[in-house]
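Colleague: Here it is, the structure, as structure tokens.
Every number here is computed from the coordinates shown, using simple stated rules; none is lab data. What you see is a predicted model, and the numbers here were worked out from it, not measured in a lab. So basically every Cβ, Gly included, is an ideal-geometry build from the backbone, and we count neighbours across all protein chains shown.
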Amino acid sequence: MSSWYTLSLFFHLVGLVLWLGGIAFFLVVFGPAVHDLQPGLGIRILNHGRSSLEAISWAGIGLLLISGIINLILRNQEPTATSGPFYTIVLAIKLFLFVAMVVHHCLQVFKYGPKIASLTVDLPAATDSWPEPLLTHWRKWFLLLKINAALGPIVTLLGIALIKI
């Protein structure tokens with residue numbers, strides 16, 4: 001294994017930590033903590049956290065994409081690298097699930113994010129409860145986040161399998 005390949009794998013792991021770590025933090029720590037706040041304040045803080053998660057996630061996705069392409073190129077340049085049918089199948093499944101995760105993220109950012117942001121801005125500061133339209137969009141947003149949280153470890157294990165093959 002060359003030092004460039006090792007460095008590229010390191011950056012791939014950094015991208016993975018940014019994206020999946022952000023998702024896990026949002027689901028396990030940030031989301032539940034917001035529910036303990038008053039609805040008016042909680043809605044605004046949750047929206048701010050959503051936009052921060054999106055920025056961190058895009059950095060992670062970009063790093064994963066770039067380092068993944070570099071990993072593939074560097075691995076195929078090694079004289080001992082074998083790309084049999086099992087490697088190709090695992091790689092295809094990993095790429096398909098990665099693309100699905102990116103599509104889910106795009107739905108969160110471009111479909112539900114703007115609606116959540118506009119409904120949050122229009123909300124009075126002294127809100128006593130979560131308005132139903134906003135709650136509906138948040139539920140869909142969180143569903144996509146949970147799907148990505150479930151797919152993330154699967155994609156990670158497939159990546160580990162690719163290194164071992």
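Colleague: Hey, what's the per residue convex hull volume over the C-alpha atoms of segment 107-165, in cubic angstrom?
Modeller: Working: hull volume 5.4 nm³, N = 59.
It comes to 92 Å³ per residue, whole-number rounded.
Colleague: Enumerate the lysines that residue 94 could reach by cross-link, defined here as Cα to Cα under 21 Å, with residues fewer than 8 away along the same chain left out.
Modeller: Correct list for residue 94: 146, 164.
Colleague: Kirkwood hydrodynamic radius, computed over distinct alpha-carbon pairs, for segment 3-164: how many Å, to one decimal?
Modeller: Numbers: mean 1/r = 0.0578 Å⁻¹.
About 17.3 Å for segment 3-164.
Colleague: Here's a follow-up. If the chain between residue 77 and residue 10 were fully stretched, how many nm would it gain, using 0.36 nm times the residue separation less the Cα-Cα distance?
Modeller: Working: separation 67, 0.36 × 67 = 24.12 nm, distance 1.84 nm.
Contour length minus the Cα-Cα distance gives 22.3 nm.
Colleague: For the chain, what is the charge dipole size about the Cα centre, in debye to the nearest 20, if Lys and Arg each add +1 at the Cβ and Asp and Glu each add -1 at the Cβ? Kindly include the intermediate steps, with their values, before the conclusion.
Modeller: Numbers: 10 positive and 6 negative charges, 61 e Å.
For this selection, approximately 300 debye.
Colleague: Based on the alpha-carbon gyration tensor of segment 31-89, what equivalent-ellipsoid semi-axes (square roots of 5 times the eigenvalues) come out, in whole Å, largest first? Mind showing how you got there, number by number?
Modeller: Working: eigenvalues 385, 31, 9 Å².
Whole-Å semi-axes of the equivalent ellipsoid: 44, 12, 7.
Colleague: Also: Arrange 88, 127 by Cβ neighbour counts within 10 Å, fewest through most, would you? Walk me through the intermediate numbers first.
Modeller: On the way: 88 11, 127 17.
Ascending number of Cβ neighbours within 10 Å: 88, 127.
Colleague: Can you tell me, using C-alpha contacts under 8 Å and at least 6 residues apart, the relative contact order of the chain as a whole percent?
Modeller: Values: 126 pairs, mean separation 54.0, N = 165.
This gives 33 percent for the chain.
Colleague: Can you give the helix-only mean residue ellipticity at 222 nm for the chain, where every DSSP H stretch with n ≥ 4 adds -39500 (n - 2.57) and the sum goes over all residues, rounded to the nearest 500 deg cm²/dmol?
Modeller: Working: 6 runs with 130 residues, N = 165.
One gets -27500 deg cm²/dmol as the mean residue ellipticity at 222 nm.
Colleague: Which value in nm describes the separation of the simple spin-label points at residue 35 and residue 69, placed 7 Å from the Cα toward the beta carbon?
Modeller: 4.1
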